[in-house]
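The values are calculated or read from the model by the stated rules, or taken from the named source; none is laboratory data. Quantities reported herein were computed from a predicted structural model and do not represent experimental measurements. Every residue, glycine as well, gets a Cβ built from its backbone with ideal geometry; the counts of neighbours run over all protein chains shown. We work out accessible area using only protein heavy atoms, side chains counted, and drop any ligands, DNA or RNA first. Shrake-Rupley method; radii C 1.70, N 1.55, O 1.52, S 1.80 Å.
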Amino acid sequence: MIGAERLILIGCLLQGALGREWAVWMPQSIDALSGSCVLIPCRFEMPEYHSNYGSTYDNLLKRYPDSVTGLWRKDRRTVFDSRSQSESHLKGRITGKLLQKRCTTVLENLPQYYSDQYYFRLETSYFQLNFHPAVQIIIKDSPPKPKLTPEKVEVMEGTSVNLSCSAAAPCPKLPPNLTWTPRLSESVDQLQENEDETKSVSSDLIFTASHLHHGQKITCRAL
């Protein structure tokens with residue numbers, strides 16, 4: 001089992017442009033674990049009117065829903081195609097609803113050498129488009145270390161101490177398991193959604209300080 005004992009979380013800002021133009025929103029970068037999956041939060045926007053067809057892009061998208069396909073590309077080649085899993089280099093699924101302009105995707109079993117920039121492509125019977133900017137997916141062979149706060153505590157004997165540990169969960173179905181050493185009380189891991197729609201797991205350790213805890217080191221480990 002792979003583990004780590006500390007993490008510096010790098011904030012991933014949602015990138016995209018405002019207004020009814022071609023635009024996509026997704027994190028700028030995501031750290032993933034080799035051999036695991038990765039969740040890519042994604043949504044897109046289209047101009048309101050298509051002059052060639054005399055209709056809105058929304059209506060064109062919904063006119064032939066079976067023809068709407070989402071793809072992910074890197075190095076100018078398709079690595080995931082929602083309509084043809086057998087021909088995709090990466091297995092996965094689009095969990096968002098493309099007709100609602102949601103392109104959130106889970107890619108499975110990522111090899112480490114697949115670290116790269118990935119961009120989303122939409123194909124329909126009427127139009128095809130590559131959405132930019134792309135998301136940088138960084139695939140590592142070990143998980144990042146969890147973040148423990150606060151790093152140092154000074155309290156009076158008999159007062160309550162609350163320590164918090166968190167770690168990124170790029171693959172929500174296989175989130176890291178957070179463990180405390182020593183185990184001073186019961187703790188429960190909670191999976192939560194971040195502002196950029198990525199996932200993380202957190203755990204709180206709450207105990208009453210005594211003279212036995214003076215100078216004691218408490219470790220949080222992510223497995």
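When +1 charges are put on Lys and Arg Cβ atoms and -1 charges on Asp and Glu Cβ atoms, the dipole computed for segment 134-198 relative to its Cα centre reaches about 280 debye.
Ignoring lysines fewer than eight residues from K74 along the same chain, the ones with Cα atoms less than 20 angstrom from its Cα are K91, K140. Quick one: what does P(r) look like for segment 123-216 with 5 Å bins over all Cα pairs, in whole %? Result, from short to long distances: 2, 10, 17, 17, 13, 11, 9, 7, 4, 3, 3, 2, 1, 1, 0 percent. Ellipticity at 222 nm from helices only: DSSP H runs of n ≥ 4 in the chain, each -39500 (n - 2.57), divided by the residue count, give -1000 deg cm²/dmol. Label separation (Q190 vs Q28): 2.9 nm, computed from points 7 Å beyond Cα along the C-beta direction.
Taking label points 7 Å from Cα along the Cα-to-Cβ direction, T56 and N162 give a separation of 4.5 nm. A Förster distance of 30 Å, applied to the separation of the beta-carbon atoms of Y64 and K91, puts the FRET efficiency at 0.70. Using a probe of 1.4 angstrom and keeping all protein chains present, the accessible surface of segment 175-219 works out to 66 square angstrom per residue.
Its Cα centre serving as origin, segment 87-219 has a Cβ charge dipole (Lys and Arg +1, Asp and Glu -1) of approximately 300 debye.
Among the listed values (i) 43, 18, 13; (ii) 38, 28, 19; (iii) 27, 23, 14, the one matching semi-axes √(5λ) of the Cα gyration tensor in Å as calculated from this structure is (i).
A 1.4 Å probe run over segment 62-108, with the rest of the protein chains in place, finds 58 Å² accessible per residue. Note on H213 and L99: their simple-model spin labels are 5.5 nm apart, each label 7 Å out from Cα toward Cβ.
Taking the Cα centre of the chain as origin and assigning +1 to Lys and Arg Cβ atoms and -1 to Asp and Glu Cβ atoms, the resulting dipole is close to 500 debye. In the elastic network of the chain, a GNM with C-alpha springs shorter than 10 Å, the most mobile of L90, L174, L191 is L174.
Can you tell me which of L212, L148, L107 moves the most in a GNM of the chain? Springs connect C-alpha atoms under 10 Å apart. Of L212, L148, L107, the most mobile in the Gaussian network model is L212. Comparing T208, Q192, L39 along the charge dipole axis of the chain, the residue lying farthest to the positive side is L39, per the Cβ-charge model. If the segment from Q117 to L223 were pulled out straight at 0.36 nm per residue, it would be longer than the present Cα-Cα gap by 35.4 nm. Residue separation of E154 and E108 scaled by 0.36 nm, minus their Cα-Cα distance, works out to 12.1 nm of gained length. Measuring nothing but protein heavy atoms, the accessible surface of segment 51-193 at 1.4 Å probe radius is 45 percent carbon and sulfur. In segment 24-108, Cα pairs under 8 Å separated by at least six residues give a relative contact order of 30 percent. Specify the residue with the greatest mean-square fluctuation among F120, F207, F80, computed from a Gaussian network of the chain linking alpha-carbon atoms under 10 Å apart. Per the Cα network of the chain with a 10 Å cutoff, F207 tops the list.
Computed with a 1.4 Å probe over protein heavy atoms only, the accessible area of H132 comes to about 110 Å².
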